[in-house]
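Step one of this worksheet: look at the structure below.
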Amino acid sequence: MKSAADWSAYLTEAEEGRVAVAPITDSEPISSDFAYEVQAHTVAAKLARGDAVVGAKLGLTSKAKQVTMKVDQPIYGVLTASMALELEAPLRISDLIHPRVEPEIAFITGEDLTGPGVSHHDVLDATAWVTAGLEIIDSRFADFRFTHADVVADNTSASRFLLGPTRVPPAELGDLALLGCVVEADGRVTETAAGAAVLGHPASAVALLVNWLGRTDHVLPKGSIVLSGGLTNAHPLRPGGWISASFAKLGTVTLRGA
Ligand code: OOG
Ligand code: MG
């Protein structure tokens, strides 16, 4: 049996070398708790190299994602400063293994959130801004083949993220469950969805995260960026291609591949 630190090093090497590896569970069964330990080791190693935590992400919160990835339980991971992309700056595809892009509703919190017992209403009350987001996932596992525990260990495929140019307070958005989303790739509509695709309401995903963190006495601090999970399936991005997500009232966020 390898330790959590060993598996974290295995995944970090894959990320840094840009070479996909076999799922951990091809070698040995691991529990979900152990997988979150592996994730924590990887995040700690990034922080030791000067990175900083800027927020968190939920994954597998929509039916579309759960069915395609063949994992039917939501998961969470950590976002760090080095994952943030700038608007207008293209993503160099050769920096990553096999990036895919998915539309997300992003929350920026204005107050600390402490679980358990937090509802989606509490989340909305504590949210300063909502923005359109794109998440660039880049599983360290070949062909994005993984179990629930594998993808948790791999910090939920987190790689990069991009927030849209328009930040809106939640009170100005109406019911987020009804927020429409259109995804285009290279000028062609590839996906459509509404906010309800994410656990019925995207703020419920944030509540789920906060309540999970509360079990271990962790707080989601004020100023956190939270990606609530892909509303639709992710699409590969290639050099010269582009993907955009447009949301009612939140505008469009576009990423080009280079
Ligand atoms: C796992 C990460 C899922 C989401 O938004 O559902 C995720 C994956 O699909 O590789 O980020
Ligand atoms: Mg995602």
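Taken together, the values in this text are just the output of simple stated rules run on the coordinates, not laboratory data. Fair warning: this is a prediction, and the values are worked out from it, not measured in the lab. All Cβ positions, glycine included, derive from the backbone under ideal geometry; neighbour counts span all protein chains shown.
If you bin every alpha carbon distance in segment 161-258 into 10 Å steps from zero, what whole percent lands in each bin?
Answer for segment 161-258: a P(r) of 14, 42, 31, 12, 1 percent.
Among 132-140, 51-59, what's the highest-first ranking by average C-beta atoms within 10 angstrom per residue?
132-140, 51-59
Going by amide H atoms built from the backbone, whose H comes under 5 Å of the H on Gly241, apart from near neighbours?
Result for Gly241 returns Gly257.
Run through segment 1-110 and list the GluC sites (Glu not before Pro) located in a DSSP loop whose Cβ has at most 13 other Cβ atoms within 10 Å.
Counting only loop positions with at most 13 other Cβ atoms within 10 Å, the GluC sites (Glu not before Pro) in segment 1-110 are Glu86, Glu88.
With a 10 Å Cβ neighbour count serving as the proxy for reagent exposure, in which order, fewest first, do Ile225, Ile243 appear?
By the 10 Å Cβ count, ascending: Ile225, Ile243.
Where nothing but the Cβ of Lys and Arg (+1) and of Asp and Glu (-1) is charged, how large is the charge dipole of the chain around its Cα centre, in debye to the nearest 20?
Here the chain has a charge dipole of around 440 debye.
Give the order of Arg167, Arg188, Arg92, Arg100 when sorted by the count of other beta carbons within 10 angstrom, beginning with the fewest.
Fewest-to-most Cβ neighbours within 10 Å comes out as Arg188, Arg92, Arg167, Arg100.
Would you work out which of Ala185, Ala126, Asn233 lies farthest towards the positive end of the dipole of the chain, given +1 charges on the beta-carbon of Lys and Arg and -1 on that of Asp and Glu, about the Cα centre?
Of the listed residues, the answer is Ala185.
If one puts a single equal scatterer on every Cα of the chain and applies the Debye formula without solvent, what log₁₀ I(q)/I(0) results at q = 0.10, 0.14, 0.16 Å⁻¹?
Log10 I(q)/I(0), no solvent term: -0.44, -0.90, -1.21.
At Ala81 and Arg145, where each label point lies 7 Å from the Cα along Cα→Cβ, what is the point-to-point distance in nanometres?
3.9
Divide by every residue of the chain the summed helix terms, -39500 (n - 2.57) for each DSSP H run of at least 4, and state the resulting mean residue ellipticity at 222 nm, rounded to the nearest 500 deg cm²/dmol.
-7500 deg cm²/dmol
Under 5 Å between amide H atoms, partner at least 5 residues away or on a different chain: which partners does Gly251 have, H built in plane at 1.01 Å?
Under 5 Å from the amide H of Gly251: no residue qualifies.
Once amide H atoms are built 1.01 Å from N in the peptide plane, which residues 5 or more positions from Leu113, or in another chain, come under 5 Å H to H?
So Leu113 has HN proximity to Leu220, Lys222.
For segment 26-125, just say rounded, prolate or oblate: build the C-alpha gyration tensor, square-root its eigenvalues into a ≥ b ≥ c, call rounded for a/c under 1.5, and beyond that prolate if a/b exceeds b/c, oblate if not.
It is rounded, given that a/c, with a ≥ b ≥ c, falls under 1.5.
Using mean Cβ contacts within 10 Å as the protection proxy, how do 63-70, 143-150, 27-34 order, highest first?
Ranked from most to least packed, the peptides come out as 143-150, 63-70, 27-34.
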